[in-house]
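K.L.:
The structure that follows is given in the form of structure tokens.
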């Protein structure tokens, strides 16, 4: 499967959900919404992504906020429960567009300084 990415603006960050698995392990999940205008005839599209795991949730909250432009890398997954199907978008990387621009700028300067 190819890498799936979406660029847009963080529109909403929902409250963190917590629980206990059947095995007795604690878990944390955060849902956030990204919007862009790449729909039909420039119509706004929204995407609800999930982040699962305590460390990932804390890092998202630390480095991201509503209104920030981001690029989200994600996987699509579907689960079945009692004959019903539930599809989720699981984010595994959220990059601020401003931080990726900084990395590109540094790369360009380094390449320009090479003697060959």
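Every number in this text was worked out from the coordinates using simple rules, so none of it is lab data. From a predicted model like this one, the values you see are computed outputs, not experimental measurements. Neighbour counts run over all protein chains shown; Cβ positions are idealised from the backbone, glycine included.
K.L.:
Condition (residue is touching a residue at least 60 places away in the same chain (Cβ under 8 Å) and either out of contact with any strand residue (DSSP E or B) (no Cβ under 7 Å at 6 or more places or on another chain) or not in a strand (DSSP E or B) (or both)) applied to region 68-87: is it met by at least one residue?
P.N.:
no
K.L.:
While we're looking at this one, here's another question. Scanning region 2-53 for residues that are in contact (Cβ under 8 Å) with a residue 40 or more places away in the chain and not in a strand (DSSP E or B), which turns out surrounded by the most Cβ atoms within 10 Å (Cβ to Cβ)?
P.N.:
Across region 2-53, the extreme among qualifying residues is 16.
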